[in-house]
Structure formats: structure tokens, C-alpha cells
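What follows draws every value from the coordinates through simple rules; no lab data is involved. Model, not experiment: these values are computed from the prediction. Heads up, the Cβs are rebuilt from the backbone with ideal geometry, glycines too, and the neighbour counts pull from every protein chain shown.
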């Protein structure tokens, strides 16, 4: 369950257990995510994938075991780790414009007001929202709202991006556009990504590795290396024999888990 | 057209009242014809009594509201952010809250004497609770994810309050404030009628006790009008600030 030896370990789960009361949520998780790696966590509901993400984000302390970032135990939200939420309607502040929402991340890190304007402009341009800076979230489509969230995450200049089913509520076309967008952005920034999804094609399309979890309690079931060439392409990647083989394997695996 | 229709019934009733008073040629210490009420109102308006007395009442009501509402705002934020404090104070709050403000008038007279001080204190006491309860509920109802966002962005407590919690709860606080404003006027006038030689309530008591039904009715109508105006102004502000085209809140869905 370790990344290729060439990658320096950045996030490590060491024998992590968590329970709400007496109900175990995750059980004996050992997992290492390497620098600049894109790891997808996949599994049915109840497998604790969001719980694991929240631990790395410093929003939750495991009942036992350790979550390490850069070799140090995570004991709260880190500046270098940014978290992208699933429900965009609640992850953006409705009383702030797109620019204002991106600004929030800069205000939080005490970027002087004079420097914020140009930074915000640049970040919004990066996610294709240069012309929507003055729009409020309610005036933007779901896809655009998630782009604002991406821009806000990037404003933190994170070395790790945690994404909790970020595209789950979007329509298929928008979802594909955003998948390519995120791959393009992290190819430049070399950001490490831990991505939770229950869409196995999405997991294969995006990931360097796909970690499949069993539910009740959540355990690591199997880790799949995705040996698909970059840059990935919505047509050719999804028709690639390796993609089809992995899809088959994961599909069988999930079905087995449900049986 | 709608307003005209709405005014039809009161107009007919007033007219019937006026006619009845004249036909029966009523001479009474307890009733007055609408025309007499109108004249009494005009006179009291012109000699400045109504306006200066109203100013006294509003002064006590609004100062009390500021005092009660302001402290309730602060306490509700503390209760919302520090649940142990909320649990600790819950019993005290539930015991004090149902005490009718009117029951405290004797206590207030005893400790503070007559004047603005006791009236402001009683208004503050009665406006404190709605804002505390609504405000606390608003804060505990903020979406979990928004608070997670504040955490992952590592916002400091003050920034968390000013950038997330207050803007998220402002519409609810405003509603609580609007309800408390109505309460403040009711309590101020009640205190004036019951005890305090101040304001429009005292004037009303004087008119009644000196057997001036015309002025008594005029003052009652006037108090109604003041309350209605206050509420209308606040409703207008609420729509402008938080309504469909709210300036303080972006565009709400």
C-alpha cells in the first residue's frame, strides 16, 4: 500500500481506527500517499472515505493510530492542505461574490489587501471565470460554483488538495470538463490530491492509484495502480484497453463487496 | 385599488359611529365621536404634546432595545460558540425568561425610582430574551460545512465571527430585532401607563383619568400608528437588505 519508491511519502495513515461511540467507522487503515500523487478513494457508502479525508484535513482526530503529514502528526487544519467540499451550495458564502469567496482564503492567510485584487483575478482566470468575478454564487451554475471553490482552494497554494466527491452533484458534461480542468491545474502545480468518489470511472480517469475500501467498518480492500498515459483524454483514455480492464476489475470488486 | 378596498370597512364603521353619536345625541364621559377625536388629535398635535411625549416614549423604548438587544447579541454569540456556557446558563435563562416584565415594575420602582432608568431597564429586560433565543438558535443552525470551511481556512475566532457567523445569521437577527422593536414599544407604553410619569402612555392615562374620551381615543390611535410605522420601516429595510434583491446578501435563491 505504498506509492512507487520514487515518490516521497507526504500523507501516511498508520494503523488508523475511528469509531463514533461504539460503532467502528474505519478499521486498521494503513495507507501512504506520495508527493504529487493523485489517489482516489472509492467504495460504497459507509466505507469511511470521507472520514479519512476529514482526518487529513484536521477536522477529525482518529480514535487510535496516526495520520502524518510530512512526517508530523496532523493535529488540526494545516495551511498547506486545502479542502474542497462536495456541497458547493454550502461551501461558498452566498453573501460574497465569486471574487469575495476567493478573497476569503487570502484574508485568512493575511495577504495584504492591495495584493489580493490581482491574485483573485489571476485565480479566477485560471478556472475560466474571469468574467464572473462580480457574480454571487446563486447567479452561477453548479459547475461554475465548483470552479469558484477550486479557485479558493488554489488561493491557499496548497501542497495537498483534499476533494470530497466534488463533482458528484454535477451533470455528466460539466463533470468531465471539471475533471480535465483539475488534471490540467495540478499538472502545473504538482499538488498532491486525495480524491473521494463513488464513481469508479472517475476514479480511474483521474488517479495514479485507486484505493478501494470495504464498508462497515471501512477497511482498505485493494489498491489498483492506474498505468494510463498523461495527459488523459475523455475519449482515448476511456477507450484505452487498460482503462477497460481496470473498470472491469473494479466493477467486479465492488459487486463482490455488495454481495 | 387593493388599499382602497381595505380601507372601505374601517371607513364605513367610522361613518356609522359618527352618525350614531349625532342621531342619539350622546353626551358621554367615556365615548367620543370620530370628529371630536380628530379635533382633539389636531389640538394635541399642534401644541406639541403628542410629539414631545412620543419622543420620550421612543427614547426609552429604543435605548432599552439597544441595551437589551446589544447584550443579547453578544451573549447569543458566546452561547452559540461555547456550548458548555449554553448548557450552564440554560436553566437560569429558562427561569428568568418567563417572568412578565410588568411583574418587575414594582421591583424597578423600588430599586431605580421613577424616570428613564427604570423604563429603559424594563424594556431592555423584555427585548433581551427574543434576541437571545432567536440569535442562539440562528447560530446553532449554521450549516456544519460552513463552520468546517472556517476551520480548514484556519480563520481566527474574531474573523470567524465577523466573516462567517454574523453574515450567515444576520437575516435571522434582523427578524428577532424587528419583533423586539414591537416588544420595546409595548413595554415602554405599559410601564408609562402603570407607573412612570413619562411619555405617551402617561399622557394617555392622564387623558383617561381626567375624563377626556376624545383625547384618549386619539392617543390610542396614535400609538397604533407609531407601532405600525416602526414595523413598516423595519420591514422595508429587511426587504431591501435581505430580500430577493438584497444588497447585504447578494442575490438569494
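Odds and ends about this structure:
- Helix-derived mean residue ellipticity, 222 nm - over chain A, DSSP H n ≥ 4, -39500 (n - 2.57), to 500: -11500 deg cm²/dmol
- Stokes-Einstein D in µm²/s, Kirkwood radius over Cα pairs - the range A:4-110 at 25 °C with 0.890 mPa s viscosity: 157
- Each residue, residue B:236 and residue A:20, gets one label point 7 Å from its Cα in the Cβ direction; the gap between the two is 4.9 nm.
- Per-pair calculated FRET efficiency, R0 = 22 Å: residue A:114 and residue B:158 via Cβ, rounded to 0.05: 0.50
- Only Cα sites of the protein assembly as shown enter the Debye sum here, all with the same form factor; the resulting log10 I(q)/I(0) across q = 0.06, 0.08 1/Å is -0.46, -0.68, listed in q order.
- Rounded to the nearest 10 degrees, the angle from helix B:213-242 to the longest Cα principal axis of chain B is 30 degrees.
- Annotation: average projected area of the range A:103-259 is 10.9 square nanometres, based on the convex hull of Cα atoms across all directions.
- FRET efficiency, residue A:199 to residue B:6 (Cβ-Cβ, R0 45 Å, nearest 0.05): 0.20
- Euclidean distance between Cα centres, the range A:216-259 to the range B:1-63, Å: 81
- Ellipsoid fit via the Cα gyration tensor, the range B:117-224: semi-axes of 44, 12, 9 Å, each the root of five times an eigenvalue, largest first.
- Full extension of the chain segment joining residue A:139 with residue A:184 gains 13.6 nm, where the gain is 0.36 nm per residue of separation less the Cα-Cα distance.
- Segment residue B:151-residue B:43, length gained on full extension (0.36 nm per residue, minus Cα span): 32.6 nm
- Label zone of residue B:112 (point 7 Å out along Cα→Cβ, amide N under 12 Å): in the range B:57-90 this covers B:60-68.
- Taken residue by residue and averaged, Cβ atoms of other chains lying within 10 Å of the Cβ of B:151-160 number 6.
- Computed lengthening from residue B:210 to residue B:96, 0.36 nm per intervening residue step minus Cα-Cα distance: 37.3 nm
- What separates the Cα centres of the range B:72-129 and the range A:43-67 is a distance of 44 Å.
- Distance (nanometres) between label positions extended 7 Å along Cα→Cβ at residue B:74 and residue B:193: 3.4
- Chain B: most fluctuating residue of B:225, B:62, B:155 per GNM, C-alpha cutoff 10 Å: B:155
- Fraction in percent of alpha-carbon pairs per bin - 5 Å, chain B: 1, 6, 10, 13, 13, 13, 12, 10, 8, 6, 4, 2, 1, 1, 0, 0
- Crossing angle, helix B:166-194 versus chain B [Cα axis fit, 0-90 degrees, rounded to tens]: 30
- Angle in degrees between helix B:199-209 and the longest Cα principal axis of chain B, rounded to the nearest 10: 30
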